[in-house]
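*Asks:* Following this message is one structure expressed as structure tokens.
We did not get these values from a lab; they are worked out from the coordinates using the rules stated. In this text the structure is predicted, and so the values were computed from the model without any measurement. Cβ coordinates were reconstructed from backbone atoms using ideal geometry, including for glycine residues, and neighbour counts include every protein chain displayed.
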Amino acid sequence: QHYITASETIIFEKEKLLKTLQKETQKIQLKLDNLIELHLSKELATEGFKHHYNPPFEQLQQIQAQIPLIEGEMLALKQNEESSKYLFSEAQNLYTKWNTLTRDEKRNIIESITDSIIIDNEDIIINLKYLMPPSSINPADGQHNFRDSLKLQA
């Protein structure tokens, strides 16, 4: 549940950012349109036009490049959240049925969620496979964290 809540919070923040960028895009586009009107009506000389037009135009281009990236991140987060909800539901279902499963069924399940088990003189380390935390999603660098360890004292 904590994972899903964290994911929802990140999605909400991305949605706020996207709305802000879209409003800023409209504001800049209106400013650019007004500058073009002034230039076409000869109220703004070409030299002045370039000076006033270029900075907001570059800002608009930067914002427009950010919007699809944020939309892609939101889509990935929403898909991951749906998968998490499904897995959480299945885990709850498994928990309620655990005592009715055979030894082989339990073993198959444990093998499917366990990456490795390391036993030494004092410790038992169980490396589990699991979902990536929402904060680890960073499409820019392609890095994801898919593993975790559980360390038990022998």
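*Asks:* Using the alpha carbon gyration tensor of segment 1-97, what are the three equivalent-ellipsoid semi-axes (square root of 5 times each eigenvalue), largest first, in whole Å?
*Replies:* Rounded to whole Å, the semi-axes are 48, 9, 8.
*Asks:* Mind giving me the FRET efficiency for residue 25 and residue 78? R0 is 22 Å, r the Cβ-Cβ distance, nearest 0.05 is fine. Numbers along the way, then the final one.
*Replies:* Working: r = 22 Å, r/R0 = 1.02.
It comes out at approximately 0.45.
*Asks:* Express in nm, to one decimal, how much length is gained between residue 63 and residue 116 on full extension, taking 0.36 nm for each residue of separation and deducting their alpha carbon distance.
*Replies:* Values: separation 53, 0.36 × 53 = 19.08 nm, distance 4.48 nm.
Here the segment from residue 63 to residue 116 would lengthen by 14.6 nm.
*Asks:* If you don't mind, another one. Distance in nm between label sites at residue 93 and residue 127, each 7 Å beyond Cα in the beta-carbon direction?
*Replies:* 3.0
*Asks:* Give me the Kirkwood hydrodynamic radius of segment 14-63 in Å, from all C-alpha pairs, to one decimal place?
*Replies:* Working: mean 1/r = 0.0864 Å⁻¹.
Here the Kirkwood hydrodynamic radius works out to 11.6 Å.
*Asks:* Once R0 is set to 22 Å, what does the formula 1/(1 + (r/R0)^6) return for the Cβ-Cβ distance between residue 13 and residue 54, expressed as a FRET efficiency to the nearest 0.05? Before the final figure, lay out each step's value.
*Replies:* Working: r = 31 Å, r/R0 = 1.43.
The value I calculate is 0.10.
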